[in-house]
Amino acid sequence: DFWGSNMASPPGKGIVGRSPFAFLSRTTPQYTGPGGQAMTPWPAAAPSRSLAATPAATPGQQPTGLPPRALPAGLPLPPPPTNLPPPPNYRDPFPLGNAAAQRYAQLQPPPEPEPESPATWLSQSFYAEARANFNSYDPGVWIGNTNVNVMGLMFWPWFGVTIWCFLLTIYFEVISPSHKEWVAMPMDAHVLMGGALGFLVVMRTDASMERWWEARCAWSTISNCCLSIGAQTAPALQGDNATEKVLGLLMAIVVATKAHLRDEKIQKDELGELMDPQLVRLLNRSANPPLQALKALSTQVRLTLPHDDPNTDTLDESKLGAALYDEVSEQIRVMNHAVGAMVKIKTTPMVYSYIATLRCFMLLWLVTFPISLIGEFSWMAAPALSLIAFLFLNVEQMAVEIEQPFGDDANDLPMEEYILELEKTLLEMVPGYEYPPDEEDEAAEVFKATPQDGWNNVSPEWRERRVIGQR
C-alpha cells in the first residue's frame, strides 16, 4: 500500500509528501523550497488531509513542506504539480515497452495525407444538396417510378369530389332509397364528355411540355456556347490570369442566369474560391444580371486577345485576335437570345381563358358524374369516381409543375446539375490544372501508346502516300 503507508508524515514535521518515484530509489529526493525549507517535488494530495489536520508549527514559522504563505484552515491540499523535472536518479521502469512502442511506430506506414480539393468557382456541397431535390429515374424500372401522391394542388378538388359522391351514395342508398331512380340514367353523355375532356387535358399537357423542352434546349445552347468560348479563347489569351478571368466570367453567366430565372440573388454560400466577389456584387445590383455578365465577358475578351499593338510581334496574331473576337461575339449573341427565350417562358404563362375553361369543364364533369355512377355501381361509385378524378387531376397537376420549369420543384429543370457539369469541363481549361492522381494513373494504364505505336498501326498504303506527300 504505497499511497497509504508511505504518505504519512512524521509527528511535528507538518505535511511532507513522498515522491511517486520512491520505489526506484531508497532516498526521496529533497529540494529547497521558499524560506529554506526542505521540500519534495511531489507533495501529498490525499483528499482526506487538509490544513486543519496539520500539526501546529512554532509561532512565526511556516509548516514544513508548505510555501511561505498563509492559507485558510480547512482547505484541501492542491493537486501534485505536473511541470516539475524528474529527480536526477530517475530511470525509465519500462525501457523494453517504450522501445517496442517506438519500433511498432516505425513499422507502421505513415498515414497518407488527404488530397486537397481543387479550388472551384462554386460550392460543391451547396450545389450537390440542391441537385438532390430533383427527380431522377431509371426508364427500365417500373415499380420505383410510380407516383400515387394526392397532396398538393389536386388534393382539395379530389377530396371534395370524393366526399360529394360518397354523400350522394348515402342519400340514395340509405336515407331515400325510393329516389334511386333519379340516378338510374345511362352513362353515354358523360362518356362522350369525358372523351372531349381528355382531349383538352392532353393539349394542356402538351403545351406545358413544349415550354419545358424549349427551356431545356435554351439552357443547352448556353452551355455549349460557354464551352466553345472557353475552348477557343483559352489557348490564345495573353497570360494565365486572363484565361482564368474569362473562364470565371463564363461560370458567372450561368450562375446569374439561374438566379435571374428564379427571381433570386446570387447567394454567398453557393460561391467557391475562384469566383470574383466584386463581380457577384455587381451582378446582384443589376436589373439584368445575365446581360451584365455577357458584357463583362465581351470586354475581358476584347482586352486580352492578341491585337495590333506594340506588344504584338507579328500581324498574324492581330488577325487571329480579330477572328476569335468575331467568333466570341457571335457566341455571346446566341447566348443572349437563349437567355431571352427562357425569360419569355418565365414571364408568359399559359392563356388564362384556356386554363379557366378547362378547369371549369373538368370540375363540372366530375361533379355530375356520380349521378350516373350511383345507379350503376351503388356503393362502389365513390371509389370509382375517386380513381377517375385522381387520373384527370394528376395530369393537370403535372402540367402545372412543368409549365414553369425554372423553379426548384422536383420536376423542374435541374439547373444545378447542368452548372456542375459545365464547371467540371471549364476547370480542365484552367492553366496549370492537374488531374487527381487516381484518374491520372488509371488513364496511364488504359492508354500507353506512343506516337511511334500509332505510326506502326497505319496501313502500308497510307504510310507510303504520307511519305510521298512529305517529299
Next item on the list: Please work out if Glu273 is under 20 Å from the mean Cα position of the chain (by Cα), modelled with pLDDT under 95, in the same structural domain as Glu327 (by TED's automatic domain parsing) and closer than 28 Å to Thr348 by Cβ.
Entry: no
Scanning the stretch 373-407 residue by residue, those in a helix (DSSP H, G or I) and within 28 Å of Ala256 (Cα to Cα) turn out to be Met398, Ala399, Val400, Glu401, Ile402, Glu403
So, first residue surrounded by fewer than 17 Cβ atoms within 10 Å (Cβ to Cβ) in the stretch 409-422, second residue assigned to a helix (DSSP H, G or I) and basic (Lys, Arg), Cβ within less than 9 Å, six or more apart or across chains; the pairs are Glu417/Arg131
When restricted to Leu283, Leu364, the only residue in a helix (DSSP H, G or I), surrounded by 15 or more Cβ atoms within 10 Å (Cβ to Cβ) and modelled with pLDDT of 90 or more is Leu283
Condition set among the aliphatic types (A, V, I, L, M) and in contact with a Gly (Cβ under 8 Å, 6 or more places away or on another chain), scope the stretch 118-157, selection modelled with the lowest pLDDT: answer is Ala119
The residue that is farthest from Gln232 (Cα to Cα), considering only those in the stretch 305-324 that are of a type outside the set (S, T, N, Q) and modelled with pLDDT under 60, is Pro310
Check your understanding: Out of all the residues in the stretch 215-228, is one or more more than 19 Å from Leu324 (Cα to Cα), in contact with a Lys or Arg (Cβ under 6 Å, 6 or more places away or on another chain) and without any contact (Cβ under 8 Å) to a residue 60 or more places away in the chain?
Key -> no
What do you reckon, is Val467 more than 25 Å from Ile345 (Cα to Cα), in a loop (DSSP other than H, G, I, E, B), modelled with pLDDT under 60 and not assigned by TED's automatic domain parsing to the domain that holds Arg359? no
Checking Glu264, Glu327 in turn, the sole residue that is out of contact with any Leu (no Cβ under 9 Å at 6 or more places or on another chain), exposed (fewer than 13 other Cβ atoms within 10 Å of the Cβ) and modelled with pLDDT of 90 or more turns out to be Glu264
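The values are calculated or read from the model by the stated rules, or taken from the named source; none is laboratory data. Note that the structure is predicted; figures quoted are calculated from it, not measured. So basically every Cβ, Gly included, is an ideal-geometry build from the backbone, and we count neighbours across all protein chains shown.
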